[in-house]
Amino acid sequence: MSIDQRRRLGGRLHAFTQVFDPPLGAGSGPTFAVKDLIDVAGVPTGGGGLVPLDAAPAVHALAVQRLLDAGYVAVGKTHTVELAFGGWGTNRSVGAPCNPWDAAVHRAPGGSSSGSAVAVAAGLCDVALGTDTGGSIRIPAAACGVVGLKPGRGLAPTQGVHDLAPSLDTLGPLARSVADAAWVLEVISGPDVAGAARPRFDAAAALASDVRGWKIAVLAMEDMPAIDPQVAALYGAAIGKLADLGVEIETARTPRPFADYFIPNGWLMAAEGWRARGAHIAANGEVMDRWVVKRFEAGRDATDAQLAQALARRAADQREFQDWMAPYAALLSPTLPIPPPPIDDVDETASPFSAMTRAGNYLDLPAASVPMGLTDAGLPAGLQIMGRMADETSVVALAAAFEAVSGWSGRRPDLAGFGG
């Protein structure tokens, strides 16, 4: 795709904050885009707002630099929910990207890595970087019909990535295939000076794994928030396809109701988020998305003692869940309980898009969203594969195995209505 095509189609979809002309990098490898919460040297890191978080970063984020060093080519920065705090993909400050699966209705693209998912789904780049604090890679991946891969903490470096909630934040890829996402994770992963301490991810080993005989837990419908009937049907079909591969399926109940992990994750996002971004909001709140400001302000009065107590409870919940997960290679659920709604119908006081994803951040589990089909209205739905702590290998192996039998390969949105 030429720069002019990327700029024209990307503009109609509102995917990019900036298209690089020329692209960055001397390599001839795959193209990638960068969420506008991640530093690219000399390019403003807008953070989804009118006032940038950094007007002129001096150096690339480490993950960006690693991709460039590996021969990937950066083609632009992508839109995000303001300060990454929101799952719908809305943005009243600089505008929300369009979900490319519906040219007639502006539908929610999912957030907060909205532009990254839209850019990949529309073929504007091969892969993109996103961040995930409560589902912000997996949610837009599911809404836009692409693969989203959230590693556990300590694998991919967050150096040069602006914080939302430091104890929850993760960095990962969005791509059109599991293999593309896995190779990006291999390139960006590995130790750094800012907290990533785990060994580099081995994509080839994960993609070559045989999943036959693995035991997988699946959530029963009654243990999940209200699931759209068509999403439920696609979920049931996805489980059946994995069973046909020789995977052992077991319906299971988590130690606590799965929804119980939603609220404490949100509390931590607000409490840590206010500490990270309170000064920015105090200075610029009048020109920010009012709903984003409200989410941050919910953590303004959280005390250090309350935060310490919440983190201690989280550590206990993680230990309990690890023990429960020990017999299983993964836990399956729909990524989103509902298809992407029209953006004008979004209720900013509710968070159904993150109902199934926040547990992955709270419990520090790797997870992927893989397309599992389309509703009758032609809207994508995603299968979430959540693994044991630090076991990205099993997540990628199962995602690749499901992708191979999902019937999704090669599906892309019809972009004619966007001029594509």
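The values are calculated or read from the model by the stated rules, or taken from the named source; none is laboratory data. Everything numeric in this text was worked out from a predicted model, so none of it was measured. Cβ atoms come from the backbone with ideal geometry, glycine included; neighbour counts cover every protein chain shown. Please note that ligands, DNA and RNA were not included when accessible areas were found on the heavy atoms of the full protein model with its side chains. Shrake-Rupley method; radii C 1.70, N 1.55, O 1.52, S 1.80 Å.
Key figures
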quantity	calculated
Computed [θ] at 222 nm, deg cm²/dmol, the chain (DSSP H ≥ 4; -39,500 (n - 2.57); rounded to nearest 500)	-10000 deg cm²/dmol
The chain, accessible area per residue, ligands and nucleic acids excluded (1.4 Å, Å²)	35
Global form of segment 1-107, assessed from the alpha-carbon gyration tensor, a/c cut-off 1.5	oblate
Virtual spin-label span in nm between MET1 and ARG200, 7 Å along Cα→Cβ	2.9
Within a Gaussian network of the chain (alpha carbon springs, distance under 10 Å), most fluctuating of GLY410, GLY42, GLY236	GLY410
Whole-Hz ³J(HN,Hα) from phi, Karplus 6.51 cos²θ - 1.76 cosθ + 1.60, for segment 8-24, glycine and proline x	5, 5, x, x, 5, 8, 6, 7, 9, 7, 7, 9, 6, 9, x, x, 8
Highest-first arrangement of 2-12, 303-313, where packing means the average Cβ count within 10 Å	2-12, 303-313
Span per principal axis, largest first, for the Cα atoms of segment 127-204 (Å)	34, 30, 17
Computed E for GLN306/MET221 - FRET, C-beta separation, R0 41 angstrom, nearest 0.05	0.75
Accessible surface of the chain [probe 1.4 Å, protein heavy atoms]: carbon and sulfur percent	52
The chain: most fluctuating residue of ALA302, ALA143, ALA119 per GNM, C-alpha cutoff 10 Å	ALA302
Rounded FRET efficiency, nearest 0.05, which uses the C-beta distance separating ILE249 from ALA404 and R0 of 25 Å	0.90
Approximate spin-label separation ASP376-MET389, in nm, with each point projected 7 Å along Cα-to-Cβ	4.5
P(r) histogram, all alpha-carbon pairs of segment 146-273 included - 10 Å bins from 0, percent	11, 26, 37, 24, 2
The chain: C-alpha gyration tensor shape, a/c 1.5 cut-off, then a/b vs b/c	rounded
Relative contact order, percent, segment 3-418 [alpha-carbon distance under 8 Å, six or more residues apart]	19
Estimated FRET transfer efficiency (ASP345, ASP260; beta-carbon r; R0 35 Å; 0.05)	0.80
Kirkwood Rh, angstrom, segment 232-296 [1 / mean 1/r, Cα pairs]	15.6
Anisotropy class of segment 214-370 from Cα gyration tensor, a/c 1.5 cut	oblate
Residues whose placed amide H lies under 5 Å from that of MET372, excluding near-sequence neighbours	ALA381, GLY382, LEU383
Protection-proxy order for peptides 264-272, 399-407, 277-285, each taking the mean of Cβ atoms within 10 Å per residue, highest first	264-272, 399-407, 277-285
Under the Karplus curve 6.51 cos²θ - 1.76 cosθ + 1.60, θ = phi - 60°, whole-Hz ³J(HN,Hα) for segment 51-64, x wherever Gly or Pro sits	10, x, 6, 8, 6, 7, x, 7, 9, 5, 4, 4, 5, 4
Cut-off under 5 Å, modelled amide H: who pairs with ALA330 long-range	ALA217
Difference of contour (0.36 nm per residue) and Cα-Cα distance, VAL51 to ASP323	93.4 nm
Directionally averaged projected area (convex hull, Cα atoms, segment 93-177), nm²	5.8
